[in-house]
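One structure below.
The values are calculated or read from the model by the stated rules, or taken from the named source; none is laboratory data. Everything quoted here is computed from the prediction, not taken from an experiment. Using ideal geometry, Cβ is built from the backbone for each residue, glycine included, and neighbour counts are taken over all protein chains shown. What goes into the accessible areas is simple: the full protein's heavy atoms, side chains included, and nothing from ligands, DNA or RNA. Shrake-Rupley method; radii C 1.70, N 1.55, O 1.52, S 1.80 Å.
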Amino acid sequence: MKERGVRLVSGTDRATLIDASLIRDVPVDRLIEIERMWQTNRDRSLFSAGEDFVWNWENKIEEIKSGSMLLCELRCNNLPQGAIAVSSTHRKSRLQTDNQVLYVEYLENAPWNIKGNATGVSAYLGVGVLLIAEAIYISQNRGLRGRIGLHSLPLAEPFYRDKCHFSELGPDLVENGLVY
């Protein structure tokens with residue numbers, strides 16, 4: 001596992017910076033812990049928008065064990081605040097067909113960080129942005145010059161388009177109409 005320090009913004013006052021860690025090469029046993037913790041919290045809360053709750057991280061165990069996916073965790077106060085899984089194999093860029101991208105397979109915020117959670121206040125802000133920044137960092141380390149690609153769930157499209165400034169390339173029928 002590789003770990004580096006980052007900072008999250010407190011969701012309570014929206015100003016205080018809090019030390020956190022981005023951990024790369026998260027082992028499968030930690031993934032199981034994360035999924036069980038999040039599932040318990042998903043079950044206890046009523047969320048207004050729960051698209052990403054279709055993710056079951058335990059379904060990714062074999063892909064992570066085999067090395068076809070790399071898992072990263074964003075941890076703060078000894079709790080997983082978010083996770084991202086990226087493909088170990090590169091994909092052809094849709095914008096620059098002579099280049100390749102790092103493909104983001106899955107990205108999820110902890111239930112307590114999602115807008116519309118039961119408390120009405122996200123514990124931490126900036127989780128998704130830091131996870132996308134980690135994907136860009138991995139892409140740079142692999143010689144892909146920071147290029148990444150993904151398919152977005154509908155409610156996440158504004159996040160990727162407006163906060164992360166991704167180019168929206170339209171629905172992909174091969175991926176159930178999700179926007180690339």
Quiz item: Under a point spin-label approximation (7 Å from Cα along Cα-to-Cβ), what is the residue 88-residue 17 distance to one decimal in nm?
Solution: 3.5 nm
Practice problem: Ignoring everything but the protein chains, give the 1.4 Å probe accessible area of residue 30 in square angstrom, nearest 10. | Solution: 30 Å²
Quiz item: Using a 1.4 angstrom probe and counting only protein chains, how large is the accessible area of residue 112 in Å², to 10?
Solution: 50 Å²
Self-check item: In nm, spacing of pseudo-spin labels at residue 33 and residue 98 (7 Å Cα→C-beta vector)
Solution: 4.7 nm
Quiz prompt | Within the accessible area of the chain (1.4 Å probe), percent carbon and sulfur | solution = 49 percent
Quiz item: Once the Cβ-Cβ distance between residue 25 and residue 77 is put in as r, and R0 is 25 Å, what FRET efficiency do you end up with, to the nearest 0.05?
Solution: 0.70
Quiz item: residue 168 to residue 66: extension gain in nm, 0.36 nm per residue of separation minus the Cα-Cα distance?
Solution: 33.6 nm
Quiz item: What distance in nm separates the simple spin-label points at residue 176 and residue 40, each placed 7 Å from Cα in the Cβ direction?
Solution: 2.8 nm
Quiz prompt | Å² per residue, accessible surface of the stretch 62-180 at 1.4 Å | solution = 50 Å²
Self-check item: the chain: relative contact order as a whole-number percent, Cα under 8 Å and 6+ apart
Solution: 19 percent
Exercise. Give me the number: length gained by fully extending residue 125 to residue 1, i.e. 0.36 nm times residue separation minus the C-alpha to C-alpha distance, one decimal in nm.
Key: 42.2 nm
